[in-house]
Amino acid sequence: MKQAIQQWLLMLNPREKVMVFGGLGLALLIFLWAGVWEPLNKKHLVLETHIQERENELRWMQMAQGNIQQAQNNRTEQPLQAPSNPSRVIESSLQKYSLKTGLKQMSGSDIIRLSLKEVNVDNVMKFLDDLETRYNLRILKMDIKPLDKKGSVNASLRIGK
């Protein structure tokens with residue numbers, strides 16, 4: 001095969017040889033441009049766009065960080081105090097989060113027991129967060145059991161100051 005190509009090239013006149021080699025050179029250049037240069041150039045443009053987006057995010061985060069630090073410095077926090085009547089606070093929070101309570105008992109004056117039946121687990125978590133962050137009430141004991149209905153649970157809680 002190699003000899004056949006060499007003989008064919010030797011039989012060509014000089015003008016035809018220039019055309020064959022010029023065509024091969026042009027084909028090589030097109031292959032390099034389409035197969036190497038253009039994919040690299042496209043990837044380069046995509047990466048430049050990503051870099052620009054990340055730089056914009058970084059500038060926004062730095063600005064937000066300054067605003068957050070300024071707000072934290074200006075804020076005066078007062079320590080939360082447990083309410084004098086936790087029972088009333090718990091009742092209003094139960095209503096706020098649409099939680100059905102089956103049994104509510106006072107064990108002494110500082111501990112409240114709740115039994116929640118077939119309630120939404122997200123609402124239970126919001127209720128517990130509310131008690132701790134807004135009213136400074138502590139969850140002393142918690143037992144949560146999932147039900148067959150997705151997102152529903154039975155919960156047994158002991159809440160105290």
In whole angstrom, the spacing between the Cα centers of region 115-161 and region 43-77 equals 37 Å
Expected max-MSF residue from Leu26, Leu128, Leu147 in the GNM of the chain (alpha carbon, under 10 Å) is Leu26
Relative to the compact-globule estimate 2.2 N^0.38 Å (N residues), the Cα gyration radius of the chain stands at a ratio of 2.47
With +1 at each Lys and Arg Cβ and -1 at each Asp and Glu Cβ, the charge dipole magnitude of the chain around its Cα centre, to the nearest 20 debye, comes out at 520 debye
Cross-link reach from Lys149 to aspartates and glutamates, straight Cα distance under 14 Å and at least 8 residues apart if same chain, gives Glu118, Asp122
With the 8 Å Cα cutoff and a minimum separation of six or more residues, the chain has a relative contact order in percent of 17 percent
Binned at 10 Å from zero, the C-alpha pair distances of region 1-56 give percents of 20, 25, 20, 15, 11, 8, 1
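A short reminder: the numbers here are calculations on the coordinates, not readings from a lab. Here the structure is a predicted model, which is why all the values come from computation and not from measurement. Cβ: placed from backbone, ideal geometry, glycine included. Neighbour counts: every protein chain shown.
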